[in-house]
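Single-structure report; data block below.
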Amino acid sequence: MAAPPLCRLVLTHLLVALFGMGSWAAINGIWVELPVVVKDLPEGWSLPSYLSVLVALGNLGLLVVTLWRRLAPGKSEQAPIQGLLLLLPSLPSVPTAGPGSGLPVRAPGVEEEQEEEEALPLQESPSQAAGAPASPDPKAQRLLSAHSACLLGLLAVTSALTNGVLPAVQSFSSLPYGRLAYHLAVVLGSAANPLACFLAMGVLCRSLAGLGSLSMLGVLFGAYLVALAILSPCPPLVGASAGVVLVVLSWVLCLGVFSYVKVAASSLLHGGGRPALLAAGVAIQAGSLLGAVAMFPLTSIYHVFRSGKDCVDQCGP
């Protein structure tokens with residue numbers, strides 16, 4: 001099959017890039033305004049939880065279309081929509097995303113050669129592609145399938161945390177230290193996502209144990225942030241500069257670590273071709289939705305996390 005013309009490839013890459021940048025710019029533009037408006041809108045400190053659910057629900061449209069085209073008979077060209085799944089943002093400050101989501105995506109119509117060492121069980125072997133019967137080693141196939149399942153699990157869990165759980169409590173963990181702390185946590189946390197992606201382009205961790213260790217490190221930072229949110233409006237070091245530094249640094253490191261894990265896991269799965277591309281997109285969006293939906297009642301209905309009041313010292317003796 002003849003290769004597409006160069007001008008067509010350039011136009012395709014440009015359109016895909018504009019789609020990804022446009023969606024991320026729109027969501028980021030809203031999210032960075034939260035430190036200014038969160039105290040003035042009726043939702044109050046629970047506003048990030050509302051937004052995380054709405055964004056996750058908005059991404060369901062493309063996910064449903066992708067799964068429908070995948071399962072419907074006679075639909076074989078799935079790469080364009082599957083690729084767009086990975087470009088959709090879930091939340092800018094928690095990826096962000098990833099998620100997200102900052103993941104490597106094959107542009108539609110572009111065929112890439114896959115290295116043998118990156119081949120995964122989700123990828124068709126040359127003998128299968130040629131129609132010849134394949135005879136893989138059952139033991140090796142089980143090991144590779146478990147490896148792929150672990151990578152997909154990492155994508156789902158990290159997306160649930162960064163695109164659902166953590167953004168829902170970001171205001172409760174940061175606002176007790178002031179609007180400046182909240183603003184820095186949002187902006188610098190958003191910047192951590194692309195920086196982690198660029199780092200993964202140069203230094204990519206291919207070890208499942210290494211990615212698991214990084215995930216646990218991110219969980220520790222996330223647990224600290226959730227603990228601050230639970231103790232809101234009087235977490236430790238309120239009114240001290242050290243408290244501001246710790247909460248902002250924790251957000252940046254937490255989001256940066258999780259973003260790197262998502263990019264690394266998706267990069268390893270990317271060698272599996274279209275099935276892996278679809279599976280990664282589904283894992284990211286499903287994890288984001290589950291995390292957002294799980295946190296919504298806690299923040300907005302049962303009010304497990306308490307908000308502070310202006311001009312009222314709730315942390316005094």
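The values are calculated or read from the model by the stated rules, or taken from the named source; none is laboratory data. Only a predicted model underlies this, so the values are computations on that prediction, with no experimental measurement involved. FYI the Cβ positions are ideal-geometry reconstructions off the backbone, even for glycines, and counts take in every protein chain you see. Surface accessibility is based on the protein's heavy atoms, side chains included, excluding ligands, DNA and RNA. Shrake-Rupley method; radii C 1.70, N 1.55, O 1.52, S 1.80 Å.
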Near pairs, Cβ below 6 angstrom, 6+ apart or cross-chain, from the range 257-285 (of a type in the set (Lys, Arg)) to any residue that is open to solvent by 10 Å² or more (accessible area, probe 1.4 Å): Arg274/Ala79
Cross-chain or 6+ apart pairs with Cβ under 7 Å, the range 144-157 first and among the polar types (S, T, N, Q), then crowded, with 21+ Cβ neighbours inside 10 Å and assigned to a helix (DSSP H, G or I): Ser148/Leu269
Filter result for Pro233 (in contact with a helix residue (DSSP H, G or I) (Cβ under 8 Å, 6 or more places away or on another chain) and in a helix (DSSP H, G or I)): no
Yes/no for Tyr260 being aromatic (Phe, Trp, Tyr) and either in contact with a strand residue (DSSP E or B) (Cβ under 7 Å, 6 or more places away or on another chain) or open to solvent by less than 60 Å² (accessible area, probe 1.4 Å) (or both): yes
Arg179 surrounded by fewer than 23 Cβ atoms within 10 Å (Cβ to Cβ), basic (Lys, Arg), at pLDDT 90 or above and over 22 Å from the mean Cα position of the chain (by Cα): yes
So Leu246, is it surrounded by 20 or more Cβ atoms within 10 Å (Cβ to Cβ), assigned to a helix (DSSP H, G or I) and out of contact with any Asp or Glu (no Cβ under 7 Å at 6 or more places or on another chain): no
Residues satisfying the stated conditions in the range 206-225, i.e. under 14 Å from Leu246 (Cβ atoms) and open to solvent by 20 Å² or more (accessible area, probe 1.4 Å): Leu220, Phe221, Ala223, Tyr224
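Residue by residue, here is whether (1) farther than 28 Å from Leu41 by Cα; (2) modelled with pLDDT of 90 or more; (3) among the aliphatic types (A, V, I, L, M) holds:
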position	(1), (2), (3)
Leu220	yes, yes, yes
Val226	no, yes, yes
Gly239	no, no, no
Leu253	yes, yes, yes
Pro275	yes, no, no
Ala279	yes, no, yes
Leu289	no, yes, yes
Ala294	no, yes, yes
Gly316	no, no, no
